[in-house]
Every structure is written in structure tokens, then in C-alpha cells.
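One structure is given here, and the rest of the page talks about it.
The values are calculated or read from the model by the stated rules, or taken from the named source; none is laboratory data. Computed from a predicted structure; not experimentally measured. So basically every Cβ, Gly included, is an ideal-geometry build from the backbone, and we count neighbours across all protein chains shown. Ligands, DNA and RNA are excluded from the accessible area calculation, which covers all protein heavy atoms including side chains. Shrake-Rupley method; radii C 1.70, N 1.55, O 1.52, S 1.80 Å.
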Amino acid sequence: QVQLVESGGGLVQAGGSLRVSCAASGRTFSNYAMGWFRQAPGKEREFVAAINWNGSTYYANSVKGRFTISGDNAKNTVYLQMNSLKPEDTAVYYCAAGPRYSTYSTAYNYWGQGTQVTVSS
């Protein structure tokens, strides 16, 4: 059974940092793209960042320069380091895996349950 489990969310003040993790199990994702999406209350789920199987990384303009995605194939884990957090970054953050990179959530086959990130002003 394939599982993606996020962890590391929490409450942080504006300007602070947080790292969320996504541990995958049930299969190897070394040849998959791993992505992070987020969904704020009343808003649609939006693309945040992704890392392709070859190590290429992609970011939404809203987080570029502040967030960094990385992966550890040995641990089957993907990380999202979030710096200079803003209140508008508040959302549930979801990890996803798919056969190729995309900014569209429909391109990803597997999803985690999400982890809440709250940034206070």
C-alpha cells in the first residue's frame, strides 16, 4: 500500500522558518516527481514546489527565493524548507507523487493527508 505521510507543520511567527517532510512508503519514488501543494480555507489547492526524478526543482512565483524543496532517495523522503514565512503562507500543505512534474494537481497519483502550517502576523 502506497503511503505519503507529511510531518513538521505547526505555528510560526511571520519571518520565521519551518520545514515540512514527506515520507513515502509502499514503493520507490526515485523515478517520480514529488510535489508540494497547499490549500488555504476557501481557496483552491495550489502548486508550491516540485522536484523531478532527475533533481530539477520548480517553484511557484509566490515562494521562489523563500522555499526550498529537496529529496533524500535513500530515505524516500522529500522536504520543503520554508523561510521568511508570511501570513499568506498559512494553509494545509500536501505532499504528492506523480510520474512527471506538473503544476496541476491532477497529474499526481498519490497524496498525503496534509499538514497544517499557520503563520501569525
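I'd like to check something: does the stretch 90-99 contain any residue that is free of Cβ contacts under 8 Å to residues at least 60 places away in the same chain, in contact with a Lys or Arg (Cβ under 6 Å, 6 or more places away or on another chain), of a type in the set (G, A, S) and outside any loop (DSSP other than H, G, I, E, B)?
Taking every residue of the stretch 90-99 in turn, at least one turns out to be free of Cβ contacts under 8 Å to residues at least 60 places away in the same chain, in contact with a Lys or Arg (Cβ under 6 Å, 6 or more places away or on another chain), of a type in the set (G, A, S) and outside any loop (DSSP other than H, G, I, E, B).
Among the residues of the stretch 10-41, write down those that are modelled with pLDDT under 95 and not hydrophobic (A, V, I, L, M, F, W, C).
Matches in the stretch 10-41: S25, G26, R27, T28, S30, N31, Y32, P41.
Of V63, V78, V119, which residue is under 14 Å from the mean Cα position of the chain (by Cα), in a strand (DSSP E or B) and hydrophobic (A, V, I, L, M, F, W, C)?
V78
Identify all residues within the stretch 104-121 that are closer than 13 Å to F37 by Cα, surrounded by 14 or more Cβ atoms within 10 Å (Cβ to Cβ) and not small (G, A, S); write none if there are none.
Within the stretch 104-121, Y108, Y110, W111, T115, V117 qualify.
So, in the stretch 28-41, of the ones that are over 24 Å from G15 (Cα atoms) and open to solvent by 30 Å² or more (accessible area, probe 1.4 Å), which residue ends up nearest to the chain's Cα centre (by Cα)?
Once the filter is applied, the top-ranked residue is Y32.
Of the residues G10, G16, only one is open to solvent by less than 30 Å² (accessible area, probe 1.4 Å) and out of contact with any strand residue (DSSP E or B) (no Cβ under 7 Å at 6 or more places or on another chain); which?
Details: G10 fails: out of contact with any strand residue (DSSP E or B) (no Cβ under 7 Å at 6 or more places or on another chain).
After ruling out the rest, the residue left standing is G16.
Out of all the residues in the stretch 42-52, which are under 15 Å from the mean Cα position of the chain (by Cα) and either outside any strand (DSSP E or B) or touching a residue at least 60 places away in the same chain (Cβ under 8 Å) (or both)?
Once the filter is applied, which keeps residues that are under 15 Å from the mean Cα position of the chain (by Cα) and either outside any strand (DSSP E or B) or touching a residue at least 60 places away in the same chain (Cβ under 8 Å) (or both), the stretch 42-52 yields R45, N52.
Taking the options E88, E46, name whichever one is among the acidic types (D, E), over 15 Å from G8 (Cα atoms), open to solvent by 40 Å² or more (accessible area, probe 1.4 Å) and in contact with a helix residue (DSSP H, G or I) (Cβ under 9 Å, 6 or more places away or on another chain).
Criteria check complete, one pass: E46.
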